[in-house]
Each structure stands twice: as C-alpha cells, then as structure tokens.
1. With only alpha-carbon atoms in the gyration tensor, what are the semi-axes of the equivalent ellipsoid for segment B:76-180, in Å, largest first?
2. Based on the Cα gyration tensor of segment A:5-199, what are the three equivalent ellipsoid semi-axes, each the root of five times an eigenvalue, rounded to whole Å and given largest first?
3. Rank-order B:98-106, A:108-116, A:64-72 by packing density, defined as the average count of other C-beta atoms within 10 Å over each peptide's residues, highest first.
4. What ratio of Cα Rg to 2.2 N^0.38 Å holds for segment A:23-69?
5. Which of rounded, prolate, oblate describes the protein assembly as shown, given a ≥ b ≥ c as roots of the alpha-carbon gyration tensor eigenvalues and a/c under 1.5 marking rounded, otherwise prolate only if a/b is larger than b/c?
6. For helix C:69-83, report the angle its Cα long axis makes with the longest principal axis of the Cα atoms of chain C; keep it between 0 and 90° and round to the nearest 10°.
7. Do you know the relative contact order of chain C, to the nearest whole percent, from alpha carbon pairs under 8 angstrom that are 6+ apart?
8. Across the residues of C:49-56, average count of Cβ atoms on other protein chains within 10 Å?
C-alpha cells in the first residue's frame, strides 16, 4: 500500500496533538489551574509548535486555525483528562508519561519537517522547523508557567527531535518513499530520547 | 441608521485600544518601569492580542503596523497616564479598573471575532480568535513581567471573552445585523465578567 | 562607490547576527546551559528580532528561515564561543561586551528599519520595526530565561535603537543615499547607547 505525503503529515500531526494535549492537561492540573486554564495549556502544548511553524513557513492561517479537527481534538483530550482526574492520582507513572512524550515529540518532529519541505523550505531550515514543531508547544507551556523551558536546561530532548527531523530531510532528498522516511525519522527521535533517559546521556555543559 | 461591519470593527478596536493601553500603563507604573517601559507595556497590552490574531488569520501586516492610528493612540494614552500619575495615587479604585478592563475585553472579543469571520475563518476558530484578541495583550504583559498569566490562574475572564465572541459568531451565522450582533456579544462578555467578579463565580478547579 | 540598499541591509544584518549570537552564547554559558541550550539562545538572540519583524511586515518565510547563511552563521558563532570558553574566563570585560552589544543593536536597528521601509511599511511603524529588530532577540532571551526583560527595567537601550531607526526613516524620506543614511542611523544608536552607559543617563521613572 502506498501512503501519500499529505496523509503521513496529517496522521502524525493528529496523533501528536492527542498525546501532547494530554500531557499539557496533566501538567496544568498539577499546577492547580482551573478547567479553562487546563484547556488553554492543552491547546498550547498540542498546537503551539505547529502554529509557530506554520506562521514562519508562510502557511497561514495555520492548520490549527483552518482545520477544526485540531482544536476540537485538543479540547476533547483536555476534557477527557480533566474528567478522569480522580484516576490520575494513581495511574500514570513517570515512565508512561515519558514514553507518551517521546512519542509526541517524534510524531511532531516528522510532521513538521515534512510540512516545511512541502512548502519549499531548504533542508537546514526544514530540520529546524521539525525540531521547533516538536518542542515549541512545551516551550510555550513553560513560558506561560513562568519557568525556564525544560529543554534549555535538561538532557537530550530537542536534539532528539532535530535528529529525527534530519533523517526525514535526508530521506526525502534521496527520494525514498514518504512512509518509510517518516517511520525512520520517528524511530530515530523516539529511540534516541528514550535511550538518553534510560542511560542518562547528556550534552557537554557550560562553564 | 445602518452601521457597516468595517465601522463596527474599527470603533470597537480603537476604543479597546485606549482602555487597554491605559490599563497597561498603570500596571507598568506600579512595577516601577521607566517612561519607555510604560510605553512598551501600553503598546503590548493594547495591540499585542490583535497583532497575534492578524498574523494567525493571515492579515499581515497587522492593523497595528499598517494603520498609524493604533500605535499613536496607544502611545498617547500611555503618555497621558504617565502625565497624570500624581493624580493616580488617589484616583482609580479597583472597581473603576475592573469595569474599564471588562469593557476593553468585551470590545476586543467582538472586534476579533468579526475580523476573523471577515477573513473567512471558520466559526470555532473565529470564536477562539475573538478570545485571543481580548486576552492576548494581557498574557503578553504577564509574560514580559515574568509571572504566570492571571487568566490561567484566576476566575472567569477568558471564558467571558469566549462567550462574547461566540455570540458574535452565532449572530453572524444567523445573518443578524452587524451592530446588533456586536452589541449583544459585547454585553454578554461585559456582564458575565462583572457578574463573575461581583459574585465570585469560578470554574471547577484542578486536583 | 555606490552601495545598494539590499547590500546595506544584508551586511548590517549578517554583522549584527554574529555579534548577537556571540553575546547570547556567553549569556547561556553563564547560566550553565548545555551545548544545545547555548546554540538555541545564540540563535534566538541573533535571529529572534528579525523573525518577528519579518512575520509582522509579511516577509514570510523570514530571512532566517529562507537564507541558510543566517542560521549557519549564528550556530558557528555559538560553537566558536563554546569552543573558546576556557579563554572567556579571563577575556571579555564588561566594557567589551557592552560595546559589542551596542554595535549589534545599531546594526539591527538600521537593517530592520530599512527592510520595513522596503516592504512599504509607513514611517512610524518602520521606526518601531527597527527598534523591535534590535531589541526583540534580547527580549526573547530574557523571556526564555524567565526574567523581566532588561530593556523594560533598565536605562536607555531600546530608546537608542528607536532613535537610530528614526534617523534611517527620516533620511530615506529625504531621499539621501542609502549607505550614508545607514551609517548615520547606526552612529546615532551606537553613540547614544554608549553615552547613556558612560554618563548614567536615564529616562524619567514610574511612581
């Protein structure tokens, strides 16, 4: 079965939206925000990175504004997490959250790089746009919660997104099939992120 | 008298600009910023939400850049507030500020929703754009002042803007006259906001 | 020799990119960020202001995305600063940093105002865009590091950028030659900034 490029972008984008909206809603609940704040943070984490990417590559209005499925999905996910909040006292261990987060990061890095390429953005900038799509929502969440974005002070996170997006850019340059390239890019990001968590890999530090 | 759509957007936008610029200038003075910082915060609170909206709906350059009346109005208001700062030691009670703020919120929510609709944005996204126009400037102010945006932790504020914007979207869908729809939307937001303040209404909280 | 407008913008932009990327990388190292965080902050400080300007004046994708020289230059500078970090323990005194920073501010203020004018933006907004290009990267750096932007609380900084950009706008209105106008604008900003530092000039304060 041949899977078209548009379908790859759409599926990765929608799946990443659900994962990141859930994560954002949980983070907002832990900070004691009310239902509205939870919905806003879910929306921002899930769609913030893609909206910045779309504005920068000139694809306005961004998908999150033009296509009602994105905001509805983010809000329904936020609502679902809020409704299940009693269960969450016990349920998701750090491991579950970390795997979910790595999955969302991988999906967005791939979708972001593919979309930038399909808008005629050059290879270096397309890889950066993939990374931005992956980490942008989390950065906006941390800015809204008035703390230094985790990705700036912590271990290999954005680097994994950049690696995944770079695999996508390289694969598309070599004219490999869309679905295979997307899969390889997502696996690169996902495995690199989880391995970094598991083995405590870090980049060289400051002074 | 028939009032055209463009005139409704323009009047609501300009009135909201004055109200929010005054509020931003007062907030900046209370934080001890100098004259320049006061002007920047007045500009950001008054025009930040509309600029983000315009970038997202593809109406670039934003009105605040293309139309010199917006920045001039924001700066003159900031200057006026600064000039009258001795009087402000005694003058505006919390009630006055809250009513002014609710008025600005209502005006921007209506203008934002109308403008998004007039650019062909769908109903859900148009309501969100109305809300964003109303609360965006305040969020940018809080981000610049390095604190968690009030709308995320406090009571019914953005929800009132969303309600007002939704009334506008629904009214335009039903092809009701522009001025009546705008008035109904603004009153919805204004009354909801003041009632929430008066009676201490809150949304359900987090964990 | 006649120097064209495009060349003036390009040279000022590239030189400002190197200066600001170096400054951003040093600030990130002092906060203990890892190599990736250093690269991000170098990129943001060097290219953040220009990207916001380009999005606002409708020049998307922004130069920083469309032209690979900008990101490559910012990253190489960040890498160079990181590689030389042992030397930096002793090397740059506050004076060197302040002069570098004033140079970057002047270059960006001029380039930003020229570019806005060349996209048909009106004079007031073009001067504001020049200022935004100069200070935008630093504001984004401070927002990411979760502190109140220095320009809002400190002495004459953004005002110097605004003055330099205004000289450019006025000179271009009078149809003076591009290189002379750019030089006069840059010198205005540079001297004003350094004089303010040297003599402790301040704007009138808040309450």
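No value in this document is a laboratory result; all are computed from the given coordinates. Quick caveat, the model's predicted, so the values are computed rather than measured. So basically every Cβ, Gly included, is an ideal-geometry build from the backbone, and we count neighbours across all protein chains shown.
1. Working: eigenvalues 173, 52, 32 Å².
Equivalent ellipsoid of segment B:76-180: 29, 16, 13 Å, largest first.
2. Details: eigenvalues 139, 68, 42 Å².
Sorted largest first and rounded, they come to 26, 18, 14 Å.
3. Per-residue Cβ counts within 10 Å, averaged per peptide and sorted highest first, yield A:108-116, B:98-106, A:64-72.
4. 1.30
5. rounded
6. Orientation of helix C:69-83: about 30 degrees from the principal axis.
7. Numbers: 318 pairs, mean separation 49.4, N = 207.
In percent, rounded to a whole number, it is 24.
8. Working: counts 0, 0, 3, 2, 1, 2, 10, 9.
Shielding by partners across C:49-56 averages 3.
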